[in-house]
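Engineer: Quick one: structure below, then a few questions.
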Amino acid sequence: MWLKNATDVVARYTQPDDLVCVMTAKDNLNVSVELPPDIIQQLRSDANAVYTPEIVTKLRKLLNGHDPAEFAEAAFIVNGYIDESKLTKLLSGERDPCPLDIGKLLSPYVSAGNFNPESLCRTYLVENLIEKGRVYELLGKWKGGKTIVAIDLANHLAHGFSWAGFRTLKCLVIYVAGEAVEDVMIRNEGWRLHQKIKECAPFQIRTIPVSLSDPTEARRLYHEIVELSDQHPDLPILLVIDTLARNIGPGVNENNIEGMGAFANNLIDEVVRPTKATAIVIHHSGHSDSDRGRGHSSFEAAVDGAFKVSMDKSDGAAIITLSTLFSRSTSGESNASFKIVTQELPGADNFGNPIEAPVLRYLEDHQPTKRTKGLGRKQEALLELLQTLYDEHKQRIEKGGLITTARVSKGELREEAEKRGVETDSSNFYKLVSKLRERSLISEELGHLYVVGDH
């Protein structure tokens, strides 16, 4: 179809389904290109999509080898609307002038050769466990002891007390209690009474959740933290989010990337980095895999470390164990176990019964029980397969004289388990791995699994 100019196209194509790109060449040769259906469909849903690089690339192919720079003007017609300037610039390679001066434009950049030893040092809030400025996930099952551990850790840091055998750095603690606020208050007071502490500590509890998937709400939290930090200017900041589900925002789905991605991005970019805070997000573990948090994996990928809280009642008394699943800034696994004891609070309920709060007592010499009896057939087969794969890697490394460490990724074990008929169902595979971890028969570091005793 040959048309004289873009104005003719507007007059001729007024139906909603019509979408045509018209180019007018310098030599007055006019070319009309009808766009493919997939581009038309994309434009119907988002008119701005017309200017994406993908569409420009397709247009260039439609021009039969002509260099787009040869054309003097270009126009898109979308339901009768023309914008001639943007496409012309995209096709010709012309750029809009930068609105910023060079200094502001390049302010996010630093030279890789300008670091000094002081800038490369690490600052830990909990020695070799929790680093300043990082985002951590504290996950576990419902009613599995996550909040008790978080309150115990937060109070130790607010007072600068050593925790579970680790040295600590005194912090300003900001605890966002998104659920069971009364229980958080009671447990916090129970901890103070159990430790026989009377003086106040820099520990602030926010009694209303924050919708962190909303950037406006995230920026509000940032300003709140700045105001509180101004009252304690010399203290690093520990931010506890309890829980992710209650602070992601009403109606936001944590199972898709839009909801979980917004939560992670706003927490990191709007709150943690500007305030240099350390964040611990309490999160429910997955239904099929207790070693990862519930919902979309985008949050798992964004955090700097993850800890798992598990409870063991096999010996009668409830024992809570905190174990490291992975950490970007430390190596190896760290475990700490606690016994739950009760602390009576002043006063009574409306029936005259005493009010009690659960608190933790650190068990210095306790080691999680290794339960080797009662392994199921598939658990035994998976443990044996992991050992076999590890031994095979080790032999290849030794035979080749390589300087590396034998290791088996969780993905490799999953693939081999399916190939060899050990477990073909993905959900059941992760359940088996979790059970073996809970029995302390395997360990995990940065996505790799090891038979305990071999690593």
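The values are calculated or read from the model by the stated rules, or taken from the named source; none is laboratory data. Just so we're clear, the structure is a prediction, and the values are computed from it rather than from any experiment. Virtual Cβ from ideal backbone geometry, glycine too; neighbours counted across all protein chains shown.
Engineer: State all residues of the stretch 378-421 that are touching a strand residue (DSSP E or B) at 6+ places or on another chain (Cβ under 8 Å) and farther than 13 Å from Val451 by Cα; if no residue qualifies, say none.
Structural biologist: His393
Engineer: Yes or no: Arg437 free of Cβ contacts under 8 Å to residues at least 12 places away in the same chain and either in the same structural domain as Asp183 (by TED's automatic domain parsing) or not aliphatic (A, V, I, L, M) (or both)?
Structural biologist: no
Engineer: Taking Pro108 as meeting all but one of (1) assigned by TED's automatic domain parsing to the domain that holds Arg294; (2) closer than 19 Å to Val272 by Cβ; (3) not in a strand (DSSP E or B), write down the number of the exception.
Structural biologist: Every condition holds for Pro108 apart from (1).
Engineer: Looking only at the stretch 127-150, count every residue that is of a type in the set (Gly, Ala, Ser), under 16 Å from Ala177 (Cα atoms) and outside any loop (DSSP other than H, G, I, E, B) and tell me the total.
Structural biologist: Summing the residues that are of a type in the set (Gly, Ala, Ser), under 16 Å from Ala177 (Cα atoms) and outside any loop (DSSP other than H, G, I, E, B) in the stretch 127-150 gives 1.
Engineer: For Gly251, indicate whether it is more than 16 Å from Leu139 (Cα to Cα), in a helix (DSSP H, G or I) and out of contact with any strand residue (DSSP E or B) (no Cβ under 9 Å at 6 or more places or on another chain).
Structural biologist: no
Engineer: Filter the stretch 377-425 down to the residues that are of a type in the set (S, T, N, Q) and not in a loop (DSSP other than H, G, I, E, B), then identify the one that is farthest from Glu444 (Cα to Cα).
Structural biologist: Gln395
Engineer: Please find, among Phe326, Phe351, Phe299, the residue that is assigned to a strand (DSSP E or B) and either surrounded by 19 or more Cβ atoms within 10 Å (Cβ to Cβ) or assigned by TED's automatic domain parsing to the domain that holds Asp183 (or both).
Structural biologist: Unique residue meeting the criteria: Phe326.
Engineer: Quick check: is even one residue across the stretch 219-234 buried (at least 17 other Cβ atoms within 10 Å of the Cβ) and farther than 19 Å from Val173 by Cα?
Structural biologist: Checked the stretch 219-234: no residue is buried (at least 17 other Cβ atoms within 10 Å of the Cβ) and farther than 19 Å from Val173 by Cα.
Engineer: Whether any residue in the stretch 221-242 is in a loop (DSSP other than H, G, I, E, B), in contact with a Gly (Cβ under 9 Å, 6 or more places away or on another chain) and over 24 Å from His159 (Cβ atoms) is what I want to check.
Structural biologist: Within the stretch 221-242, not a single residue is in a loop (DSSP other than H, G, I, E, B), in contact with a Gly (Cβ under 9 Å, 6 or more places away or on another chain) and over 24 Å from His159 (Cβ atoms).
Engineer: Right, here's the next one. Restricting attention to the stretch 324-356, and to residues there that are within 29 Å of Gln367 (Cβ to Cβ) and aliphatic (A, V, I, L, M), which single residue is nearest to the chain's Cα centre (by Cα)?
Structural biologist: Leu325
Engineer: Turning to a different aspect of this structure: Filter the stretch 159-174 for residues that are surrounded by fewer than 23 Cβ atoms within 10 Å (Cβ to Cβ) and within 17 Å of Gly133 (Cα to Cα) and give the result.
Structural biologist: If the condition is that a residue be surrounded by fewer than 23 Cβ atoms within 10 Å (Cβ to Cβ) and within 17 Å of Gly133 (Cα to Cα), then Thr168, Leu169, Lys170 are the ones that fit.
Engineer: Arg192 versus (1) surrounded by 17 or more Cβ atoms within 10 Å (Cβ to Cβ); (2) touching a residue at least 40 places away in the same chain (Cβ under 8 Å): which is the lone unmet condition?
Structural biologist: In the conditions (1) surrounded by 17 or more Cβ atoms within 10 Å (Cβ to Cβ); (2) touching a residue at least 40 places away in the same chain (Cβ under 8 Å), Arg192 misses (2) alone.
This table checks each residue for (1) under 27 Å from Leu235 (Cα atoms); (2) modelled with pLDDT of 85 or more; (3) under 16 Å from the mean Cα position of the chain (by Cα).
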{"residue": "Ala279", "(1), (2), (3)": "yes, yes, yes"}
{"residue": "His283", "(1), (2), (3)": "yes, yes, yes"}
{"residue": "His287", "(1), (2), (3)": "no, no, no"}
{"residue": "Arg292", "(1), (2), (3)": "no, no, yes"}
{"residue": "His296", "(1), (2), (3)": "no, yes, yes"}
{"residue": "Ala302", "(1), (2), (3)": "yes, yes, yes"}
{"residue": "Ala306", "(1), (2), (3)": "yes, yes, yes"}
{"residue": "Val309", "(1), (2), (3)": "no, yes, no"}
{"residue": "Ser314", "(1), (2), (3)": "no, no, no"}
